[in-house]
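Below is one structure; the comments refer to it alone.
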Amino acid sequence: MAISPASTTSTSLPPLTPAEREVADLLPIGASDAAARAALERVPLWFHTFSLDGGSLYTPGVARDHRYRVPVLPTDLRGRSVLDVGAFDGFYAFLAEARGADRVVAVDNEQYRGWVRSRWGVELEGGEGFQAIAELLGSQAVYRRLDAFDLDELGERFDLVLCFGILHRVENPLGLLRVLRRRLSERGEILVDTYGVTGRDLESEAVLHVPEPGEVYARDDFVYWGFTGEALARLSHHAGFGDCRVLATPIVDGHPRIIARILGA
C-alpha cells in the first residue's frame, strides 16, 4: 500500500491502484527504508507516484494512472538527449535516464505551486519532489526552474522532447510549439500528451475546444484548450514541424486525451 506523510493529501487520495503501481514500478528506486521515509516526509505533496524501495513504499502521487503513456515511451534511449518540459517531480525525466539517455534536462516554471495551493491547500517551495528523487537515485539529470517559453536559454537541442500535460495549459499553444521546434534536433521527435475533444473526427476536423474555467477539473482554471488530431497537426505545421501523427486517443478519468508524435523533419 502507499504510505504518505502527514499532509492534507494523505486522507483525500484514494489508495494506490494496480495501474499506478504498474507505472511506478517501471522505475524501482531501491532506496533504504530510512532514506525512503525521509524523502516522503520531506515533500508536502507528490505529483508523481514513485516506487521508493522497490515494491512496498510508494509516494502518494496526485496524478492518477499514466499507463496510457507507457506504450509510446522509447525503451532504449542510449545515445540520445531528452528534454522533459513541465517535469514537476520528474518521473519521465528519471525514467529516460534509466533507459539510457546520455543527457536529460527537466524544466518547470513551478506555476503548479499556485494550482496545488488552490486545489489542496498545500504550500510547495517548488522542485522539492524532483530533488528528493534525484538524491535517492544519484541522478545526473539537470533540473531548471524555467518557463517553457524561455527554453531558448538552454542553448542546446534535444533528440527527444516530452511535452506531457502542458499544451492545453498555455495561452499560446502555437507559440510554445515554435519554441519546442527550435530546441529539437533536425531528426528529433516530440511526444505530446494533451487534452482532446469528444464527439469529433480526429482525422479530418481541425477543431479547438475552449473549456469553461473548472469544466475539466474542479478548482482548476488553467485548462484552456482541447485539440483534435487534425488541429494539432495543423498547428505543428505552422510551427515548422514535419509529420504529426496521433498515436492514441484514450479516455482518462472520463476526459479525452491525445498522444501524438511530432517529427522535426
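Nothing in this text is a laboratory measurement; each read-out follows from the coordinates by a stated rule. Keep in mind it's a predicted model, so treat the numbers as computed, not measured. For neighbour counting, all protein chains shown are included, and Cβ atoms are generated from backbone atoms with ideal geometry for every residue, glycine included.
Can you list the residues of the stretch 70-103 with backbone N under 18 Å from a point 7 Å past the Cα of residue 157, pointing along Cα to Cβ?
Label zone hits: 79-84, 102-103.
How long is the stretch 67-263 along each principal axis, judged by its Cα atoms, biggest number first, in Å?
If we take the Cα atoms of the stretch 67-263, the spans are 46, 43, 30 Å.
Could you list which residues have their amide H under 5 Å from that of residue 143, counting only those 5 or more apart in sequence or on another chain, with H placed in the peptide plane?
Here the answer is 106, since their amide H atoms fall under 5 Å of that of residue 143.
May I ask you to derive the FRET efficiency for residue 185 and residue 64 from their Cβ-Cβ distance with R0 = 30 Å, giving the value to the nearest 0.05?
Step by step, r from the Cβ atoms, then E = 0.35.
What 222 nm value per residue comes from the helices of the chain, counting each DSSP H run with n ≥ 4 as -39,500 (n - 2.57) and dividing by all residues, nearest 500 deg cm²/dmol?
Per the formula, -7000 deg cm²/dmol.
Tell me which residues come under 5 Å, amide H to amide H, from residue 158 once H is placed; ignore anything under 5 positions away on its chain.
Correct list: 184, 185.
Check residue 197: other-chain or 5+ apart residues with amide H under 5 Å from its amide H, H built from backbone geometry?
It is 227, by chain and number.
Which whole number of Å³ per residue matches the convex hull of the alpha-carbon atoms in the stretch 171-224?
Enclosed volume per residue, from the Cα hull, is 113 Å³.
Please report the antiparallel percentage of the DSSP beta bridges confined to the chain, to the nearest 5.
The antiparallel proportion sits near 45 percent.
What is the packing order of peptides 75-84, 120-129, taking the mean over residues of other C-beta atoms within 10 Å and listing the highest first?
The most tightly packed comes first, giving 75-84, 120-129.
So if I place +1 on the C-beta of Lys and Arg and -1 on the C-beta of Asp and Glu, and nothing else carries charge, what would the dipole magnitude of the stretch 53-136 be about its Cα centre? I want it in debye, nearest 20.
Charge dipole, the stretch 53-136, about its Cα centre: 380 debye, nearest 20.
Spelling out what I want: for every residue of the stretch 137-146, take phi, set θ = phi - 60°, compute 6.51 cos²θ - 1.76 cosθ + 1.60 (Karplus), and round to whole Hz; glycine and proline get x.
Karplus values, whole Hz, x for Gly and Pro: 7, x, 6, 9, 4, 9, 10, 10, 7, 8.
What ³J(HN,Hα) values, in whole Hz, does the Karplus curve 6.51 cos²θ - 1.76 cosθ + 1.60 give for the stretch 222-233 when θ = phi - 60°, with x put for Gly and Pro?
Each residue of the stretch 222-233 in turn: 10, 9, 9, 9, x, 10, 8, x, 5, 4, 5, 5 Hz.
Report the trypsin sites (Lys or Arg not before Pro) located in the stretch 189-248 that are in a DSSP loop and have at most 15 other Cβ atoms inside 10 Å of their Cβ, or state none.
Counting only loop positions with at most 15 other Cβ atoms within 10 Å, the trypsin sites (Lys or Arg not before Pro) in the stretch 189-248 are 219.
Quick one: what are the phi-derived ³J(HN,Hα) couplings along the stretch 240-247, Karplus 6.51/-1.76/1.60 with θ = phi - 60°, whole Hz, x for glycine and proline?
Taking θ as phi minus 60°, the curve returns x, 7, x, 6, 10, 10, 6, 9 Hz for the stretch 240-247.
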